[in-house]
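Here is the structure we will look at.
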Amino acid sequence: MTVQETPPSRHTRTGPLAVVLLAAAALGSVPLALDGAADPAALATVWLVTGLQLAATPAVLLLRTRPVAAAVLVAAVVVAGLLPTLVAPTAPLLRYTGVNLWPPLALSTVVIGLRLGAPQRRAVPVWVLIAAGTVLAARPWQPTWVDTPIGLLHTAVPALLGLYLAARVQMVRTLRERAELAERERVLLTERARAGERTRLAAELHDSVAHRVNLMVLQAGALRMTSPDQPVRDAAEALRVTGCQALEELSDLLGVLRRGPDRTERPDEAVLPAGPGLPVGPPGELAALVADSRAVGLPVELDQAGDPALASPVVRRTAYRVVQEGLTNVHKHAPGAPVTVTVRYRTDQVHLIVHNGQSPGPAAGGVDLAGTGTGSGIAGLRGRLDAIGGSLRAGPTGHGGFQLDARMPSHVSTSTG
């Protein structure tokens, strides 16, 4: 098994870099501030503040896991570094405050981490400390044209810059998430369309091709049993065997189409109505459908009443498929059983019943088709009827027979078919 290494996160890469930059900013400000200074107290204060800043610098590594604690520590060090200027505003200390780049860099960093990683109600202490640092740096009680702007540039401006950068990061994240969501939805819709097309093709193959091959096998079996000519019987047997093999292969193909390459078969999956490019069953073909079954020895009676023109094309096509499925099932599971196909066309509804009695015995020619189906024909019919607002009841009768009872609205827009 191959184990893929997880790439380091952006925080893992930028955290140490931020520590190095902040440490360099803290140490680099000392020579500039103490250039020519001889006050021992000022020297000690500058080094003390620098030490605090260096000690607090590693806290930025905690912004991902403990953003509030890290931000409070950094903001407190910023305020602590400004307190000496409040007690003893000497020239070296004021100069050090003006050239020290650690406070603005640290504040921008922790504000970004705080904004992205912590609830804002928990960030109140940090903003209180930043406000206090802004007041100490700007010195509003003793404003000057130099110290006040520099103080704001070292405290308030970095905090606002951090908020802006955090907002930009959040916006980029949101746009990326939306793009990923849109891509996932596109893939799902594409797969759904492919699955629907596979299911529709499977239904059409099951309804049309499988039915015709079933009839061909039955006719070949009957010819083998009745023909006096041995070569004809041999050819009929070869045709029957080939037809049975074709049915088995077709069954496998239908299973692949319904499942798809990476899906588990769902017997209750809805079957869409046939599209405009696939075979349909006009109302006049119901009689031909019954005649085909009667020709291979199945006693079928068609009882049709009403005007087929009352039903829209998709409804007539669905009725054709119901009769086709019913007769195919009789051929497979109850060969020789008497069948009655009842169709009633009304202005608001088409009612169709395919009822067969108990089979008197094996099929003509010894042809057994019971194991050649996919087992999903009834489920496919139910899905087809659901798609046009109809219903299907299917089940055994009390005397060893079986019945399909389908009801569907007379008119369904052809756009649904």
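The values are calculated or read from the model by the stated rules, or taken from the named source; none is laboratory data. Since we're looking at a predicted model, the values are computed, not measured. Reconstructed Cβ throughout: ideal geometry from the backbone, glycine too, with neighbour counts over all protein chains shown.
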When Ala123 is evaluated against the numbered criteria (1) buried (at least 24 other Cβ atoms within 10 Å of the Cβ); (2) closer than 27 Å to Val68 by Cβ, which criterion, by number, is the only one it fails?
(1)
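Checking the structure you have, find out if any residue of the range 205-214 is assigned by TED's automatic domain parsing to the domain that holds Ala319, farther than 17 Å from His331 by Cα and modelled with pLDDT under 80. Outline the logic, then answer.
First, the residues of the range 205-214 that are assigned by TED's automatic domain parsing to the domain that holds Ala319: 205-214.
Next, only the ones that are farther than 17 Å from His331 by Cα stay: 205.
Going one step further and asking which of them are modelled with pLDDT under 80, we end up with 205.
Scanning the range 205-214, I find at least one residue that is assigned by TED's automatic domain parsing to the domain that holds Ala319, farther than 17 Å from His331 by Cα and modelled with pLDDT under 80, so the answer is yes.
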Per the list (1) modelled with pLDDT under 90; (2) not in a helix (DSSP H, G or I), residue check on Lys332 breaks on (2)
Determine which single condition Thr65 fails, assuming it passes every other condition in (1) in a helix (DSSP H, G or I); (2) free of Cβ contacts under 8 Å to residues at least 24 places away in the same chain.
(1)
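Of everything in the range 169-196, what is basic (Lys, Arg) and either surrounded by 11 or more Cβ atoms within 10 Å (Cβ to Cβ) or in contact (Cβ under 8 Å) with a residue 60 or more places away in the chain (or both)? Give them in sequence order. Walk me through it before giving the result.
Taking the range 169-196 and keeping what is basic (Lys, Arg), we get 173, 176, 178, 184, 186, 192, 194.
The answer is Arg173, Arg194.
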Anything in the range 134-175 that is within 13 Å of Val78 (Cβ to Cβ) and not in a helix (DSSP H, G or I)? List them, or say none.
Thr155
Could you grab the pairs with beta carbons closer than 7 Å, sequence gap of 6+ or different chains, first residue in the range 91-104 and in the same structural domain as Ala18 (by TED's automatic domain parsing), second one not in a helix (DSSP H, G or I) and not small (Gly, Ala, Ser)?
Pro92/Leu34; Pro92/Asp39; Pro103/Thr155
